[in-house]
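The values are calculated or read from the model by the stated rules, or taken from the named source; none is laboratory data. Computed from a predicted model, the values in this text were never measured in an experiment. For neighbour counting, all protein chains shown are included, and Cβ atoms are generated from backbone atoms with ideal geometry for every residue, glycine included.
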């Protein structure tokens, strides 16, 4: 294998490995994977790696190898910008509500004014030969008005805010920013190559003509093709190849007419029809390869060519000023129209924090500016710091302004009748739905109000766009159906989360639940246990936490209660609740002084349907976060088991 090929593979190995490793750390503090990839890309360049280990940096990323990385990153950006355009619903933007339209205008106009003013003041220092003051200022204005639609979508999904009013408004505004921003980038790109008023007029006319041709000529044709043949929904290999060819052709034409290849790819995505879930079918083919493999290469190739030390030291004052100006303009641009359209101050500032998510789209636009010679390296570095800083600020600010509990309260029906016994059943895997449904029936009475809660972990998804598809028979629906079939009031609930245990605790607290049912934690290695998220939920509970080990539960007629541990009170409450149903026999085994209590419980459980014990060392059921072994009772008991912890009476 030639040396260059081996070096390229080694570079990919380092870039992808470092991105995923940093991503695991960032997810623990609530930051999306893409933010970790941006930080990793910058760290692999002269900003960190080149300073800490200059010889290793020179060996891994020699100047002769950079064209290969750049070519890969350009392909990745073309595919990614097509996906961004594909996610934008032009028809939905036409139906923007009053609040979304106001926030969109405010977060576009005020940041552009601030950016243009900054550009005019910086031109004498950072303006490049052959670039007019107005084109330079116009491009800086565009940079100030950007909101990263895909990164914002991921943040909203991970916080469970996609369907809230704030989420809908902020995502609509971001989509409008992307569409309008890239049209303006196309105009700025064309204008950058114009050297006379006539050339400028022709460049603007070409840009407008290209956009109009894509949206009003090609798009209706594709809609007719889709409705007639369905070829865009059920793509064959030939159909998919034609689609990729069309995307590349659009990028090529845009590049040749002097706009930019990425603008052409973006418009190709906007042009695709939205009937019959077309975007989902196409995205399923492209997203992983574009976002998991090629985008980290783009971040790395950008970081390798960018030294942020000057921005952080030599130009620290100006960099802080740029961050403050861009943040203030975006926040004010969101808060003022939000207040006039019925939002509270808290909601307005939350919209402003979300609008400051610049991230990936900002880096793409900055790359275009650098490629066109509009942004010199010092200013490019300062704007990169602004983009990264503003995006890093988004998640903690939104968490502070709009915590998960408030999100849940906005989205969910919160009941709190004193006459109800409230039960939350957590279900994650379809195979566990039947057993959990039967247990809910056994615990339920006429006074029961219940929820079947399914949490979708969002943090480990490689893509930037939240999955829109739904299972035909989600497990939470199955649990609710079984419980409702016995006359219980049960509601299925699905929430996206980046922190499963915290979301369960908050949901249980919000609904004032008396008990929550969890399945056993099943780690990658070892047997079932009470570790992992189960231990985090069960620690210091305000409600009874019931961990269910299903050994083929079909009906509950005979229940064995084992006493002799630290959580006997909670175990007794659950067992007595089970025994309230007609025809249920409760057998109590007091093994407080029995040194062979597990053997005694196994003997008593013969013929029983369910065994109930308190968690703790007495029954070899420890609540340890990183327990790796399977406790003896879980391994040897041949009866379904409830391990309970709860507040002491």
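Taking the criterion of being part of a loop (DSSP other than H, G, I, E, B), crowded, with 23+ Cβ neighbours inside 10 Å and at pLDDT below 80, the residues of region 147-183 that qualify are 159, 160, 161. Looking at 72, 8, 66, 25, which is the one that is assigned to a helix (DSSP H, G or I), without any contact (Cβ under 8 Å) to a residue 12 or more places away in the chain and under 32 Å from the mean Cα position of the chain (by Cα)? Being assigned to a helix (DSSP H, G or I), without any contact (Cβ under 8 Å) to a residue 12 or more places away in the chain and under 32 Å from the mean Cα position of the chain (by Cα) holds for just one of 72, 8, 66, 25, which is 25. Only one of the numbered conditions (1) surrounded by 20 or more Cβ atoms within 10 Å (Cβ to Cβ); (2) in a helix (DSSP H, G or I) is not met by residue 208, and that is (1).
Conditions (1) in the same structural domain as residue 124 (by TED's automatic domain parsing); (2) crowded, with 24+ Cβ neighbours inside 10 Å; (3) within 17 Å of the chain's Cα centre (by Cα); (4) farther than 17 Å from residue 41 by Cβ, marked per residue:
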{"residue": "354", "(1), (2), (3), (4)": "yes, yes, yes, yes"}
{"residue": "360", "(1), (2), (3), (4)": "yes, yes, yes, no"}
{"residue": "370", "(1), (2), (3), (4)": "yes, no, no, no"}
{"residue": "376", "(1), (2), (3), (4)": "yes, no, no, yes"}
{"residue": "425", "(1), (2), (3), (4)": "no, yes, no, yes"}
{"residue": "431", "(1), (2), (3), (4)": "no, no, no, yes"}
{"residue": "439", "(1), (2), (3), (4)": "no, yes, no, yes"}
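Taking region 539-641 and the helices (runs of 4 or more DSSP H) fully enclosed by it, the elements with 3 or more residues that are buried (at least 21 other Cβ atoms within 10 Å of the Cβ) and in contact with a strand residue (DSSP E or B) (Cβ under 6 Å, 6 or more places away or on another chain) are at 568-579.
Counting only helices (runs of 4 or more DSSP H) that sit completely within region 250-308, those holding 1 or more residues that are modelled with pLDDT of 85 or more and assigned by TED's automatic domain parsing to the domain that holds residue 379 correspond to 261-271, 295-304.
Look at region 199-224: where a residue is over 16 Å from residue 185 (Cα atoms) and a partner is surrounded by 12 or more Cβ atoms within 10 Å (Cβ to Cβ) and at pLDDT below 80, sitting 6+ places away or on another chain with Cβ atoms under 6 Å, you get 222/273; 223/273. Take the conditions out of contact with any strand residue (DSSP E or B) (no Cβ under 6 Å at 6 or more places or on another chain) and under 21 Å from residue 386 (Cβ atoms) and apply them to residue 112. Does it pass? Against the criterion (out of contact with any strand residue (DSSP E or B) (no Cβ under 6 Å at 6 or more places or on another chain) and under 21 Å from residue 386 (Cβ atoms)), residue 112 qualifies. Just the residues that are under 28 Å from residue 144 (Cβ atoms) and either at pLDDT 80 or above or not in a helix (DSSP H, G or I) (or both), please, taken from region 212-226. The answer is 212, 214. Could we say that residue 550 is more than 30 Å from residue 593 (Cβ to Cβ) and at pLDDT 85 or above here? Considered against the rule, which asks whether it is more than 30 Å from residue 593 (Cβ to Cβ) and at pLDDT 85 or above, residue 550 comes out as yes.
Can you tell me which residues in region 580-589 are under 46 Å from the mean Cα position of the chain (by Cα) and under 16 Å from residue 607 (Cβ atoms)? Don't jump to the end; show me each part of the working.
Initial filter on region 580-589 (under 46 Å from the mean Cα position of the chain (by Cα)): 580-581, 584.
584 - this is the single residue of region 580-589 that is under 46 Å from the mean Cα position of the chain (by Cα) and under 16 Å from residue 607 (Cβ atoms).
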